1. If we scan the stretch 112-131, do we find a residue that is in a helix (DSSP H, G or I) and either of a type in the set (F, W, Y) or crowded, with 18+ Cβ neighbours inside 10 Å (or both)?
2. Just to be sure, is A72 assigned to a helix (DSSP H, G or I) and buried (at least 17 other Cβ atoms within 10 Å of the Cβ)?
3. Looking only at the stretch 98-111, decide whether some residue is hydrophobic (A, V, I, L, M, F, W, C), in the same structural domain as R163 (by TED's automatic domain parsing), modelled with pLDDT under 90 and surrounded by fewer than 20 Cβ atoms within 10 Å (Cβ to Cβ).
4. Only residues that are under 34 Å from the mean Cα position of the chain (by Cα), over 22 Å from D134 (Cα atoms) and assigned to a helix (DSSP H, G or I): list them for the stretch 146-177, please.
5. Does at least one position in the stretch 53-68 carry a residue that is on the phi > 0 side of the Ramachandran plot and either of a type outside the set (S, T, N, Q) or touching a residue at least 12 places away in the same chain (Cβ under 8 Å) (or both)?
6. Test D59 against the stated conditions and say whether it is touching a strand residue (DSSP E or B) at 6+ places or on another chain (Cβ under 9 Å), in a helix (DSSP H, G or I) and either small (G, A, S) or in the same structural domain as F42 (by TED's automatic domain parsing) (or both).
7. Of the residues that sit in the stretch 178-207 and are in a helix (DSSP H, G or I) and surrounded by 13 or more Cβ atoms within 10 Å (Cβ to Cβ), which one is nearest to the chain's Cα centre (by Cα)?
8. Mind checking which residues of the stretch 86-97 are within 13 Å of R48 (Cβ to Cβ) and at pLDDT 90 or above?
Amino acid sequence: MRPFRRGELHPVSQDGGRLPCYTFFLFHLSCCLTEGCIDKRFIRTNDRIRAREIRVIDDEGQQIGILTPYDALKMAREKNLDLVEISPTATPPVCRIMDYGKFLYQQEKKEREAKKHQKVIVVKEVKFRINVDDHDYQTKKNHVLRFLDEGDKVKATIFFRGREMTRTNLGREILERLIKDIADKGIVEFRPRQEGNTLHAILAPKKDAGQKQPAQSQPAPGRVNQA
């Protein structure tokens, strides 16, 4: 089915035929309730519905027909339910009889559940100097490996000061060495690139980084945002 145009009551199927009005309203209602096109900040309910006539769907999904908002609201109140405008741009606007409070509760519950399953990607920054000695390099590399194991991205940064700008090739050598050393744990999301007096690369964990493997060397204790 192609998307229907604004104000269109009969969407056209792929074979060019017009879908029955009842099928359209079930389809449109499903989209409104599952895809979140009802915005509770702007939705009109009950006495706030201002159209002269509305097309009404009952609480069981059956199309009732075109009524005045007064008559539709009367039907809703007889069932202790609300009249909710779900498609204000249709001609006439489409309203459904439903328990609006229960609907909002279910939507908020779904949003909370969705947030629980969302993984927040954190970008940790590890700073290097072009004159870093081997011990400091190994320590910072271990920080990078630990961050990648925890599922975070890493921004490896080298800051050039004064005359160090004439030796940017040393900074690139350090980052290229780091990329090779962490190849088993991470991938390069952005190759080393220079912006002003800063050279940086973005490293991301591999998809299987969450699978624990026997560690040969343990990083220094403590969680840091910058190293």
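1. Taking the stretch 112-131 first, the residues in a helix (DSSP H, G or I) are 112-116.
Checking which are either of a type in the set (F, W, Y) or crowded, with 18+ Cβ neighbours inside 10 Å (or both) leaves us with none.
No: zero hits.
2. On the way: assigned to a helix (DSSP H, G or I): yes; buried (at least 17 other Cβ atoms within 10 Å of the Cβ): yes.
Here the answer is yes, as A72 does meet what is asked.
3. Taking the stretch 98-111 and keeping what is hydrophobic (A, V, I, L, M, F, W, C), we get 98, 103-104.
Adding the requirement that they be in the same structural domain as R163 (by TED's automatic domain parsing) leaves none.
No, the stretch 98-111 contains no residue that is hydrophobic (A, V, I, L, M, F, W, C), in the same structural domain as R163 (by TED's automatic domain parsing), modelled with pLDDT under 90 and surrounded by fewer than 20 Cβ atoms within 10 Å (Cβ to Cβ).
4. D149
5. If we filter the stretch 53-68 for residues that are on the phi > 0 side of the Ramachandran plot, which is where we start, we get 61, 65.
Pick out the ones that are also either of a type outside the set (S, T, N, Q) or touching a residue at least 12 places away in the same chain (Cβ under 8 Å) (or both) and you get 61, 65.
The answer is yes; a qualifying residue exists.
6. Against the criterion (touching a strand residue (DSSP E or B) at 6+ places or on another chain (Cβ under 9 Å), in a helix (DSSP H, G or I) and either small (G, A, S) or in the same structural domain as F42 (by TED's automatic domain parsing) (or both)), D59 does not qualify.
7. Narrowing the stretch 178-207 to residues in a helix (DSSP H, G or I): 178-181.
Next cut, surrounded by 13 or more Cβ atoms within 10 Å (Cβ to Cβ) only: 178-179, 181.
Numbers: L178: 31, I179: 29, D181: 32 Å.
Ranking the qualifying residues of the stretch 178-207, first place goes to I179.
8. Step one: list which residues in the stretch 86-97 are within 13 Å of R48 (Cβ to Cβ), which gives 88, 93, 95.
Correct list: P93, C95.
The values are calculated or read from the model by the stated rules, or taken from the named source; none is laboratory data. Keep in mind the model is a prediction, meaning the values are calculated, not measured. Note that each Cβ is placed from the backbone with ideal geometry, even for glycine, and that neighbours are counted across all protein chains shown.
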